[in-house]
Amino acid sequence: MSGVNLEGIVKAYGPIQVVHGIDLEVKEKEFVVLVGPSGCGKSTTLRMIAGLEEISDGALTIDGRMVNRVAPKDRDVAMVFQNYALYPHLNVADNIAFGLRIRKESKEHIAESVEEVGNILGLTPYLERRPADLSGGQRQRVAMGRAIVRRPKVFLFDEPLSNLDAKLRTQMRAEIKRLHKRLGATSIYVTHDQIEAMTLADRIVVMSDGRIEQIGSPMELFLNPANTFVAGFLGSPPMNMFDATITAGEQGPVAEFDGQRIQLQKLESLANSEGRKVKLGIRPEFVSVADQDAPNLVKLDVDLIETLGSEALIHAHLMGDPFVIRTNTVGQMNILNGISGFTIEPHLIKVFDAETGQALPGQVLEQ
Amino acid sequence: MTMENEAGAEAANRPAPADRTARNYGDLSRVERIIEHLKREWQLYVLLLPTIVWLLVFLYKPMYGLQIAFKDYSVFRGVAGSPWAGLEHFYTLFGNDQFLRALKNTVIISFYGLIFGFPMPIILALMFNEILNQMFKKTAQTIVYLPHFISSVIIAGIVMTAFSPSAGIVNTVMGWFGVDPVYFLTKPEWFRPIFVGTGIWQEAGFQSIVYLAAIAGVSPTLYESAVVDGASRWQMMWKITLPSILPTIIIMLIIRIGNMLEVSFEMIILLYQPATYQTADVVNTFIYRQGIQGGQYDFAAAAGLFNAVVAFVLVMTANTISKRYSRTSLW
Ligand SMILES: Nc1ncnc2c1ncn2[C@@H]1O[C@H](COP(=O)(O)OP(=O)(O)OP(=O)(O)O)[C@@H](O)[C@H]1O
Ligand SMILES: [Mg+2]
């Protein structure tokens, strides 16, 4: 039962509130990823869980115990920092052993644990080295070693991979995933890299401006974003969005924009809403490319086609805004060369309220 | 390569001077290279000039006079005209009880200074670092820095007043407990503690700035990480702060050892009196009395030269040891 529960967690620096009441329940053994743009309060939230920042309001429970006023060391959490926070004057083994030594564990236990962690993380050959003599990836692993050696109830990660180059990051990402499978510890992971979020998370928490925008599994968020923010934040390239007005059509609602029409799915929330302003969201992957003669064609001004081997990115414009399409190349090169627009199935179009940015209810894409 | 070719190459390269120097550097002779370098970097040398002149005038030119340590110097015949005397003055020096006493005192006072005076600023810096209230911290720091900015003469005056047998605060307080007044400054056994203590009071605060700067350079995440690991403030001081500033401590120690024989000469002159010569007279005050007051310039120069050679050996040794064992060194 080593879950973490946040209820109405608030952080204020003097009069400035930066986290505005967060509710989040992290279940035991769950891997939860906090994502959001820079400055949205991810680190602050994580640091409140670690006990490095005071909680201004709300209740934080770890393992069923309220820990708002409990010192970090008694919360039984371990944290991995972005810049590793390794002690430069200690070698790898001593760095890993630091937390155990502080807790006055027995010598044998420390030696055993360091050896085991060294094995798990492939650090055995480097145990005698100082951090300065390690590569970035190795340092990262030592930082992880320091965390796992204590067998804490909860792991906290604050952008642990952002100092690594792209290739190493992919590798370490897989390693973290593997480690989590093996140790099964409750983990809260902060990143602003959406690929890390998508690949690592059991559930993703999307934050912006100190608030939670949506919580859900990676695919839920990808397929059914609750609002334009989440829709635009997850997915790469991001979801295309443009303004449109609802009119009634023969087979249900139709969106009108720039003199073009596009069929929408039948939604209760769109009944009798002629003239309603909406935002349409279309994933770059969900459209079919089409040439001039296709029925229900949405016309685009195509700027550029990037062929990346098995797939291609089509950069175009719709009403002056960029519109990107991602599609397979196999068997489609003819169409691609003559592309003038796209077609899309109505249920794949997300409809958001133009004012609030919230997705209209009733649009659920099954995984 | 013919002359014309060289000239041609020069002309062709002229639009890109940086490129030119890079390409032709290897062809130039050593002297040419130095001239080339001076031409490019002359501004830096102009900046350096005042210091070089200062060194030449005040440190190198006087070295010419050092030769009188090996001469039978007479003011009338001048430095060059005086006859050589070989090591005679050094023999006299080591046969002189007063010099040997001064040497012993120098070593003892420096040693006390090192043992008690060196750790003080480090301890102060560590303590300042633990103060959380910024107002209190700033005030405390200012108060501790203050004595550094007071002239030695005034400091000596304060010390003399404080230890005065009639009105001094020390004797007054002792009087409350029924202790008879002590004539501290005339007692040889009290001179060294008072002198070393004064030095600490005067300089420890100011010297702590170096360590505070070093502490400020330690990454805060090291402490955060330690906090999550469960370290107490005491453990963080021992296991993070101290090891992190160890290189600074070592550098300061080397410098300190190099200056070890440079006991604060003016302070001794101000505080000692014939009654305390026994423990207070150091090489520098000995030189002062013999050379300046007694007119034995050649003899005093020999004493001074000996002092300098010992200091040189000390710095070299300290630096070498440190380089070998801690990878930290001055050069
Ligand atoms: N001591 C402070 N006083 C006032 N505001 C602060 C303080 N520390 C952080 N903030 C503000 O809190 C907000 C959240 O900061 P936080 O570090 O949690 O962002 P983040 O989501 O981790 O961003 P990043 O992805 O860049 O790390 C920021 O807008 C920041 O300016
Ligand atoms: Mg952050």
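For segment A:65-81, the candidate set comprises residues that are under 27 Å from the mean Cα position of the chain (by Cα), in a loop (DSSP other than H, G, I, E, B) and not acidic (Asp, Glu); within that set, the residue that is farthest from the other protein chains (Cβ to nearest Cβ) is A:Asn68. Flag: B:Val309 does not match the condition of being outside any helix (DSSP H, G or I) and either of a type in the set (A, V, I, L, M) or closer than 23 Å to B:Ile200 by Cα (or both). Assessment of segment A:143-150 against the conditions (part of a loop (DSSP other than H, G, I, E, B), within 16 Å of ligand 1 (Cβ to nearest atom) and without any contact (Cβ under 8 Å) to a residue 60 or more places away in the chain) yields no matching residue. Here's a check for you: in segment A:31-56, which residue that is within 13 Å of ligand 2 (Cβ to nearest atom) and within 14 Å of another protein chain (Cβ to nearest Cβ) is surrounded by the most Cβ atoms within 10 Å (Cβ to Cβ)? Filtering first and then ranking leaves A:Met48.
In segment B:253-268, how many are buried (at least 18 other Cβ atoms within 10 Å of the Cβ) and over 9 Å from the mean Cα position of the chain (by Cα)? Selection size over segment B:253-268: 6. Residues that are among the hydrophobic types (A, V, I, L, M, F, W, C) and within 14 Å of ligand 2 (Cβ to nearest atom) were ranked within segment A:160-196; the one that is farthest from A:Gln17 (Cα to Cα) is A:Leu161.
Checking B:Thr221, B:Thr161, B:Thr172 one by one, the residue that is assigned to a helix (DSSP H, G or I) and within 14 Å of another protein chain (Cβ to nearest Cβ) is B:Thr221 and no other.
Of the candidates A:Val67, A:Val80, the single residue that is without any contact (Cβ under 8 Å) to a residue 24 or more places away in the chain and in the same structural domain as A:Ser162 (by TED's automatic domain parsing) is A:Val67.
For (1) modelled with pLDDT under 90; (2) outside the structural domain of A:Val26 (by TED's automatic domain parsing); (3) under 30 Å from A:Val18 (Cβ atoms); (4) in contact with a Ser or Thr (Cβ under 9 Å, 6 or more places away or on another chain), each residue gets a yes or a no:
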| site | (1), (2), (3), (4) |
| --- | --- |
| A:Leu223 | no, no, no, no |
| A:Ala244 | no, yes, no, no |
| A:Gln251 | yes, yes, no, no |
| A:Gln263 | no, yes, no, no |
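For A:Pro152, indicate whether it is within 15 Å of ligand 2 (Cβ to nearest atom), under 25 Å from A:Asp76 (Cα atoms) and not polar (S, T, N, Q). For A:Pro152, the condition - within 15 Å of ligand 2 (Cβ to nearest atom), under 25 Å from A:Asp76 (Cα atoms) and not polar (S, T, N, Q) - is not met.
Taking the listed residues A:Glu108, A:Glu7, A:Glu28, the one that is out of contact with any helix residue (DSSP H, G or I) (no Cβ under 7 Å at 6 or more places or on another chain), away from chain B (no Cβ under 14 Å), more than 16 Å from ligand 1 (Cβ to nearest atom) and in a loop (DSSP other than H, G, I, E, B) is A:Glu28, with no other qualifying.
The values are calculated or read from the model by the stated rules, or taken from the named source; none is laboratory data. As the structure is a prediction and not an experimental result, all values here were calculated from the model. All Cβ positions, glycine included, derive from the backbone under ideal geometry; neighbour counts span all protein chains shown.
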